[in-house]
Amino acid sequence: MQKIIFKVIGGVVIFSSLVVFTIAGILLQHTRSFLRDAVRADARVVRIIERRDVGSDASYYPVFSFRDPTGEEHEVYSSSGSFPPANAVGDSVTVLYRPQQPSKAREDSFSELWLLPVILAVVGLFDLTIGLAFIFGPMLFQRLRHETPSHQVA
């Protein structure tokens, strides 16, 4: 009975790892697609916005301003915040944007482009390892202890 419980738990954890890997893959593909179409622009941080969630510390989100090749100025609110602020007003940064969607520009940085897919992939790998340990761990421990498996007759 205990082996069945371990296998069920392991299966559920492995399934959750596959869900997390799938989400990481979708985000990775979305970023790759964005980068394939994106153009670079020099931008300046024009403001820092402080946001507080109930019961948590403040996060600081930069607002970037840049001009596209036609000279039109665009102001973009970053979706990535940090504490302490990663940028200061007046800082120069590089942004990436699709020419047809300049309002969705993103800072050209690891954290803005890749951090979430990497974190999800690491979580998925951790879940997969735990799930496999639940499924195969009891069998390995039994072999390591040199015990006769319960389904064999001595």
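If I stretch the segment between Val122 and Phe34 completely, what's the gain in nm (0.36 nm per residue apart, minus their alpha carbon distance), one decimal?
Working: separation 88, 0.36 × 88 = 31.68 nm, distance 2.24 nm.
Gain in length upon complete extension: 29.4 nm.
Given R₀ = 30 Å, FRET efficiency for Gln142-Leu18 by Cβ-Cβ distance, to 0.05?
Details: r = 27 Å, r/R0 = 0.90.
Between Gln142 and Leu18 the formula returns 0.65.
Quick one: putting +1 on the C-beta of Lys and Arg, -1 on the C-beta of Asp and Glu, what dipole do you get for the stretch 2-140 around its Cα centre, in Debye to the nearest 20?
540
In percent, how large is the relative contact order of the chain, given Cα pairs closer than 8 Å and 6 or more residues apart?
This gives 31 percent for the chain.
So what's the gap between the Cα centers of the stretch 102-127 and the stretch 1-40, to the nearest angstrom?
Using only Cα atoms to place each centre, the spacing works out to 14 Å.
Tell me, what is the Rg over Rh of the stretch 2-140, with Rh the Kirkwood radius over Cα pairs? The partial results should precede the final answer.
Details: Rg = 20.5 Å, Rh = 17.6 Å.
With Rh from the inverse mean 1/r over Cα pairs, Rg/Rh is 1.17.
Using a basic spin-label model with each label point 7 Å from the Cα along Cα→Cβ, how many nm lie between Phe83 and Ser59?
For the pair Phe83/Ser59, the computed spacing is 1.1 nm.
Calculate for the chain the 222 nm mean residue ellipticity that helices alone would give, adding -39,500 (n - 2.57) per DSSP H run of length 4 or more and normalising by residue count, nearest 500 deg cm²/dmol. Mind dumping the intermediate values first?
Working: 3 runs with 70 residues, N = 154.
Value at 222 nm, helices only, nearest 500: -16000 deg cm²/dmol.
Could you tell me which of Val19, Ser109, Val93 has its Cα farthest along the dipole of the chain towards the positive end, charges placed at Cβ (Lys, Arg +1; Asp, Glu -1), taken about the Cα centre?
So the residue furthest toward the plus end is Val19.
Values quoted throughout were computed directly from the atomic coordinates according to the rules given, and no laboratory measurement underlies them. Computed from a predicted structure; not experimentally measured. Note that we place each Cβ from the backbone using ideal geometry, even for glycine, and neighbour counts take in every protein chain shown.
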